[in-house]
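Every number here is computed from the coordinates shown, using simple stated rules; none is lab data. Remember, predicted model here, so these are calculated numbers, not experimental data. Glycine also receives a Cβ, built like all others from the backbone with ideal geometry; neighbour counts cover every protein chain displayed.
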Amino acid sequence: MLGLKLLTDDTWAKKAEGHLGELLTDHAYCEQKAASHALSIIIGWPEHIELVTALIQIAREELEHFERVLNEIKKRNLVLGFERKDNYVNTLMQCVKKGLKREFVLIERLLFAAMIEARSCERFKRLSEQLQDRELAAFYKELMISEAHHYTRFIEFAHTYAPPSMDVTKRWNEWIAFESSIITQYGKSEQIHG
């Protein structure tokens, strides 16, 4: 799925369902961070008007997802907890190349975002297939489709804005390989990426 080498074990979704408050709180903040990341790319590369226009829409969708997750929390008489540290994302940041020229930094940021969207999409698919709460399962199926669209857009923009000297496909394969080397550390907690 989306080029990911390792898929999440079904036991993760079962564990997550047993801790819905934790799962939904973590998910809400994942959506907020995704919106913030899209906005930070806009701030860093405002000259790319097509990218800016698309990222405004993505940021808007991510904030809408935050609101929808909050509604799921309220519907179940749960409480939005405090933001959790996302160890997966922090570990994934180790793959970001440092000391690059600005045009290469943009591609790294887009591929980083694509990787997170790909794994989120895969986790949402697991939830849509495994949750006993069929209403929540349908919710995650809908969000899975949205995350897949975001993933596709980030990959497309990486190809669009890459300098001629950069092989985006090769770099994306490096991201996939790195992610597969770390993902076995995760999938053990009720966090979206945990």
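Give me the pairs, please: first residue somewhere in the stretch 37-62 and free of Cβ contacts under 8 Å to residues at least 12 places away in the same chain, second residue anywhere and outside any helix (DSSP H, G or I), beta-carbon distance under 8 Å, and either six or more positions apart or on two chains.
Final answer for the pair search is VAL52/TRP45; VAL52/PRO46.
Here are LYS125, LYS101: which of them is closer than 21 Å to LYS5 by Cα and either of a type outside the set (Val, Ile, Thr) or surrounded by fewer than 23 Cβ atoms within 10 Å (Cβ to Cβ) (or both)?
LYS125
Per-residue answers, yes or no, for (1) under 20 Å from ILE73 (Cβ atoms); (2) without any contact (Cβ under 8 Å) to a residue 60 or more places away in the chain; (3) more than 15 Å from the chain's Cα centre (by Cα):
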site	(1), (2), (3)
LEU110	no, no, no
GLU117	no, no, no
ARG123	yes, no, no
GLU129	no, no, yes
ILE145	no, yes, no
HIS150	no, no, no
ARG153	no, no, no
GLU174	no, no, yes
ILE183	no, no, no
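Does LYS15 satisfy the condition of being of a type in the set (D, E, K, R), touching an Asp or Glu at 6+ places or on another chain (Cβ under 9 Å) and not in a helix (DSSP H, G or I)?
No: the conditions fail for LYS15.
Restricting the search to the stretch 71-104, which residues are free of Cβ contacts under 8 Å to residues at least 60 places away in the same chain and part of a helix (DSSP H, G or I)?
The answer is ASN71, ILE73, LYS74, LYS75, ASN90, MET93, ARG102.
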